[in-house]
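Below is one structure, written out as structure tokens; comments come after it.
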Amino acid sequence: EVFQESFKPECHHFNGTERVRFLLKYIYNRQQYVHFDSDVGYYVADSPVSESAVRYLNSQSEILEDRRSAVDRYCRHNYEVSTPFLVGRQ
């Protein structure tokens, strides 16, 4: 039997970098069980089993601060780096 755990970061850009949302999804065996949403500012449980993990993650101020800063550090940075290569090319 094979068990797989993965995570998927997503950046949602609205009107360039005017409004940016960062999502970090944690997936176990193709089922999402926890996610971080920068609009909310903390981790959210997607199943009853993950509630204890969410309590732990939300109690760690350093982890939360790192995830909250990902909007600027990860999303906006990558948008600015990638835009010249992606926008306006034909």
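The values are calculated or read from the model by the stated rules, or taken from the named source; none is laboratory data. Bear in mind that the values here come from a model prediction, so they are computed numbers and not experimental data. We work out accessible area using only protein heavy atoms, side chains counted, and drop any ligands, DNA or RNA first. Shrake-Rupley method; radii C 1.70, N 1.55, O 1.52, S 1.80 Å.
Identification of strands (runs of 3 or more DSSP E) wholly contained in the chain with 3 or more residues that are open to solvent by less than 40 Å² (accessible area, probe 1.4 Å) yields 19-28, 31-37. Restricting segment 8-32 to residues that are of a type in the set (Val, Ile, Thr) and modelled with pLDDT of 90 or more, which is nearest to Val71 (Cα to Cα)? Per the stated criteria, the residue is Val20.
To keep it simple, each residue is scored yes or no on (1) among the charged types (D, E, K, R); (2) under 17 Å from Phe7 (Cα atoms).
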residue: Gly41; (1), (2): no, no
residue: Pro48; (1), (2): no, no
residue: Leu64; (1), (2): no, yes
residue: Arg68; (1), (2): yes, yes
residue: Arg76; (1), (2): yes, no
residue: Tyr79; (1), (2): no, no
